[in-house]
Structure formats: C-alpha cells, structure tokens
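Below: the structure, in structure tokens.
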Amino acid sequence: MQQSIKNAFGHELVFQSGAAIGALKEATSLIERYIASGRIPSGLENPYHIFAKLHAFISHAANVSKIFWPIVSPMRKNESLADYEQRLPRIIRGRELREIYTIPDDSVLRLRNMRDNIEHYDERLDEFLNWWSENGANQTIADVMLLEPAYIQQHGLPSFRMRQYDCVNKIFYFQGQQLELQPIEAELTRVVNMVMKRK
C-alpha cells in the first residue's frame, strides 16, 4: 500500500474515531448530570439529544469498522481468492490496515451486526413492526429511554429495546441488540494514538 494511501486512511481514522469519542463524552456527561439530578439536564426537554449523541458514536465507530472491514460483495462462483481480491482491492487494503494497527479479527471494532442495523435501518424497522403486530399485546418497548437502577428494580427490563441506555451496566441497546460502548471507545483511542505515533 502506498504511503499516501496509508496517510489518507490514517487521517480518516483519526477524524472518525475523534468524532465518535467526542460524541460519547458529551452523551456521558449529559447522562451523569441526569442521574445526579434525577431529571433531564437543563435545556433539554427530553433525552433525544443524549440518544442523538449515542447514535453519532455508533455511526462514527461503524465508519472506522468499514475502514478495517470494507463492505464487499460475495465471491463469484469458481472465483479464486486472487481474482476476488484483484476485483475488490479494498479487501487487501482492509487487511493491511488491520495489520498496521494490530486489529485482530475478533476486535470490538468489527461491529458487523450493528453496522447492518444502521445501514438497513428501515428494513429493521419493518421487521420490528411486524414482530410488534404479532407479539405486542404483552410486550413492553423501550425507546429513547435511560434506565436507572430504581427503574430497573421497580419495572424490570423491557421486552424489546429500540433505543435504550442502561445506566447501571453502561450498555447501549439499538434495535434489540446490546453494545458495550466503553471497550469500543478504548480501542478507538488506541487506534488514534497509533496513527499519531506514525506521523
């Protein structure tokens, strides 16, 4: 890989990671103020702003994931690996960048399911609404909801988590899937530090 390409992707890794980390810091600050006061921080009518920041974190982290694991079409029938990689050179680029920044295949940055949820948001919403029409009578939904210890003790956890943040365990739920944000933030920070050291 040419140095200019490495530099370009290094720049993008810093931008996307920095945007993700900044969004999470803002969300965390708002959540801490919310927990301390027992109400949404001053100037916010509802927790939508917090969830917009959490969603921004996920979206920027997903962009980092795409740099390391690009979106590719499946191999064609009888296509060799060499031909496949020649047809889709971004496969090689992703692998080389993972090697440069020591990203293992089981990295928290892989985010395959969450990437799919973001990229196919409307389809997931269709699936959810179909599920709800069949099962909704006895189900509870959490959407744009901050769950604190007192709420969890009194009500338990909702059956379906559209958008929810568990303030106890620091887990973000999006379209029914859970994501621990702190390990992702730590890995994004590590990648940024590695890029900066290479400059």
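The values are calculated or read from the model by the stated rules, or taken from the named source; none is laboratory data. Please read these numbers as outputs of a predicted model, since none were measured by experiment. All Cβ positions, even for glycine, are placed from backbone atoms using ideal geometry, and neighbour counts span all protein chains on display.
For the range 52-92, the set of residues classified as outside any helix (DSSP H, G or I), on the phi < 0 side of the Ramachandran plot and not basic (Lys, Arg) consists of Trp69, Pro70, Ile71, Val72, Ser73, Pro74, Met75, Glu79, Ser80, Leu88, Pro89, listed by residue number. Checking each residue in the range 1-29 for being touching a residue at least 60 places away in the same chain (Cβ under 8 Å) and charged (D, E, K, R) picks out only Lys6.
I want to confirm something. Restricting to the range 107-126 and keeping residues that are more than 20 Å from Asn193 (Cα to Cα) and modelled with pLDDT of 80 or more, which single residue is surrounded by the most Cβ atoms within 10 Å (Cβ to Cβ)? This residue is Leu111. Is it the case that some residue within the range 77-98 is under 30 Å from Leu146 (Cα atoms) and at pLDDT below 95? Scanning the range 77-98 turns up no residue that is under 30 Å from Leu146 (Cα atoms) and at pLDDT below 95.
Taking every residue in the range 52-64 that is under 15 Å from Leu13 (Cβ atoms) and pairing it with any residue that is assigned to a helix (DSSP H, G or I) and of a type in the set (D, E, K, R), at least 6 positions away or on another chain, the pairs with Cβ-Cβ distances below 7 Å are Ala62/Arg115.
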